[in-house]
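Since the structure comes first, as structure tokens, the remarks are kept for the end.
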Amino acid sequence: MPAFPIIDTHVHLWDPAYLALPWLEGNALLNHRFGLPEFHDQTAGLQIEAFVYVEVDSDPHYALLEARWAVEQARLEQRLQGIVAHAPLEYGARVRSFLAALTELGPLIKGVRRLVQSEPDPAFCLRPDFVRGVQILPEYGLSCDLGITHVQLASAVALVRACPDTSFVLDHIGKPDIKQQRYDPWREQLHELATLPNVVCKISGMITEADHASWTTADLAPYLAHALAVFGPERVMFGGDWPVSLLAGGYQRWVAALDLLTADLAWSDRQRLWAENARRCYRLAAAG
């Protein structure tokens, strides 16, 4: 395991008794409360200095309630230092009223995510109002997490090109098809995305894109190597994707796998991946 404190840029907390989470229905493993006590248990023994809460795809009617709940969780846990909240970016200029209400919750709101991975239209994020909504984010000091799959990656590249003043974070290295060991066109499109300077890449969510029951570090290695190569040490950061990671072995197994796969990196580059880039990109408090 990393021999220094780490920052996790992708943690989910939820309580289905409080938030409406339709996507959890029928999921016996995940359709339970996963709060701060459970996170403490799952990460026991790891030096987690800070973490970022990422919206949990609750029913849109609950979006502001969820963000307010996340702020309340931060009052209970000082290591929760940033929040990426849901925002209805597809409403274009009308999203301003939502963003104003969101940022009134305080400085913990660092960015937003409108999860599009389940949208049937692979070009959903290129609809004019969506693009306009993303272009507005810098007015509120917010970054934009890209929650997409590999089939939407080409559209994401075009979105980032259309929004040069917005800071983007690609979640889960773009969700390549690791289970089927498919590399293209994800490989070329990720390289194209990495040429754009206003994007950083989360090294996260990989084990849930692999075979949940039988993945090995060898399955992950070529995808990780490519992401590290095209984004470089200054634009990658660790994400645990808990508790979704429980589907494929859990938090500790993912951290151990990534630690093994990055063991040959320079010490300074390991620190960037595991902590320093996260602090810079999400504007978190300095260590100590």
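Computed from the coordinates by the stated procedures, all read-outs in this text should not be read as laboratory data. Remember, it's a predicted structure, so these values are computed and weren't measured experimentally. No Cβ is skipped: glycine too gets one built from the backbone with ideal geometry, and neighbour counts run over all protein chains shown.
Rounded, prolate or oblate, given the Cα gyration tensor of the chain, with a/c below 1.5 counting as rounded? Cα axes put the chain in the rounded bin. Ranked for footprinting exposure by Cβ neighbours inside 10 Å, fewest first, Tyr251, Tyr62 give Tyr62, Tyr251. Here the Gaussian network model covers the chain, with springs between Cα atoms less than 10 Å apart; of Pro243, Pro60, Pro120, Pro120 fluctuates the most. Put in order of Cβ neighbour count within 10 Å, fewest first, the listed residues His150, His32 become His32, His150. With contacts taken as Cα pairs under 8 Å and at least 6 residues apart, the chain reaches a relative contact order of 18 percent.
Can you sort Lys179, Lys110 so the residue with the fewest Cβ neighbours within 10 Å comes first? Display every interim value, and only then the final one.
Details: Lys179 14, Lys110 22.
Lowest count first: Lys179, Lys110.
This model, with +1 at the C-beta of Lys and Arg and -1 at the C-beta of Asp and Glu, gives the chain a dipole about its Cα centre of some 560 debye. For the range 6-110, the relative contact order is 27 percent, taking Cα pairs closer than 8 Å that sit 6 or more residues apart in sequence and dividing their mean separation by the residue count.
Please give the net charge around Tyr62, taking every other residue with its beta carbon less than 11 angstrom from that of Tyr62, where Lys and Arg add +1 and Asp and Glu add -1.
Working: positive: Arg68; negative: Glu55, Asp57, Asp59, Glu66.
Charge balance in the 11 Å sphere: -3.
Here the contact order of the range 92-148, divided by its residue count and restricted to Cα pairs under 8 Å and six or more residues apart, works out to 52 percent.
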